[in-house]
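Okay, structure first, notes after.
The values are calculated or read from the model by the stated rules, or taken from the named source; none is laboratory data. Treat the numbers as computed from the prediction; the structure is a model and nothing was measured. Neighbour counts run over all protein chains shown; Cβ positions are idealised from the backbone, glycine included. Side chains included, ligands, DNA and RNA excluded: accessible areas come from the protein's heavy atoms. Shrake-Rupley method; radii C 1.70, N 1.55, O 1.52, S 1.80 Å.
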Amino acid sequence: MRIHIATDHAAYEIKEALVAHLQDAGHEVIDHGAFSYDPDDDYPAFCLAAAQAVVDEPGSLGVVLGGSGNGEQMAANLVDGARCALAWNLETARLTRAHNDANMVSVGGRMHSLDEALAIVDAFIAEPFSGAARHQRRIDQLAAYEAARCGRA
Ligand SMILES: O=C[C@H](O)[C@H](O)[C@H](O)COP(=O)(O)O
C-alpha cells in the first residue's frame, strides 16, 4: 500500500522509525517532511502536503505525527476529501477505518512509546472499512456538507 507520511519536530524520530517499519512491511512510503530535525519547524505545511497527496491518490492512506497529533489532524482535515482521525489506542485506530473510512490517521508522538505508536499505525492500516450502510450514510452526509461548502453542490 502507498502511505503518505508527515511530521513536525515533535515526532521526528518516530517518523524515521515508522518509515523503516512500514517499508519493512512492504508498503511504499512517501515522506512529506519534515526532512530534517528542526525544533522550530511548523506542522501545517507538512500535514497539508500529505493530506493533499492522499486525496490525489485514492486508495492510499496517510499518517501525520506530532507531539499530540491534534494540530496535525486539524491541518489534514482542511484538505477536501481528507478524513483524518486522531487515534490514541488500537481500538480508536481500528474504529476510524471500520466506521469512518478514514484515509488518514494522526498520532501524538509524545503520548506513546515508539512501540505503541507503531502498533496504532499498523492497526489503522490493517483494518478495512466495514462498508455498513449506516456508516456510509454518515460519511456521505459529511461529504455533502464539504461539497456544498466548497461550491461543488
Ligand atoms: O498540535 C500540535 C503538535 O502537538 C505539535 O507537535 C506541538 O504543538 C509542538 O510543540 P512544540 O513546538 O512546543 O515542540
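Quick look at the numbers
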quantity: Of all residues in the range 78-94 being more than 21 Å from S113 (Cα to Cα) and surrounded by fewer than 19 Cβ atoms within 10 Å (Cβ to Cβ), the one that is nearest to the ligand (Cβ to nearest atom); calculated: L78
quantity: Yes/no for R2 being within 28 Å of A132 (Cα to Cα) and either exposed (fewer than 15 other Cβ atoms within 10 Å of the Cβ) or more than 16 Å from the ligand (Cβ to nearest atom) (or both); calculated: yes
quantity: Tally, over the range 45-57, of residues that are open to solvent by less than 50 Å² (accessible area, probe 1.4 Å) and within 14 Å of the ligand (Cβ to nearest atom); calculated: 2
quantity: Boolean, M104 is within 16 Å of the ligand (Cβ to nearest atom), open to solvent by 60 Å² or more (accessible area, probe 1.4 Å) and on the phi < 0 side of the Ramachandran plot; calculated: no
quantity: Cβ-Cβ under 6 Å pairs, at least 6 apart or on other chains, the range 45-70 side farther than 18 Å from H27 by Cβ and among the small types (G, A, S), far side within 13 Å of the ligand (Cβ to nearest atom) and open to solvent by 40 Å² or more (accessible area, probe 1.4 Å); calculated: G66/Y43; G67/R110; G69/L86
quantity: Single residue of D42, D8 found to be closer than 22 Å to H112 by Cα, open to solvent by 60 Å² or more (accessible area, probe 1.4 Å) and out of contact with any Cys (no Cβ under 7 Å at 6 or more places or on another chain); calculated: D42
quantity: Exclusive hit being more than 16 Å from the ligand (Cβ to nearest atom) and among the small types (G, A, S), set S68, S60; calculated: S60
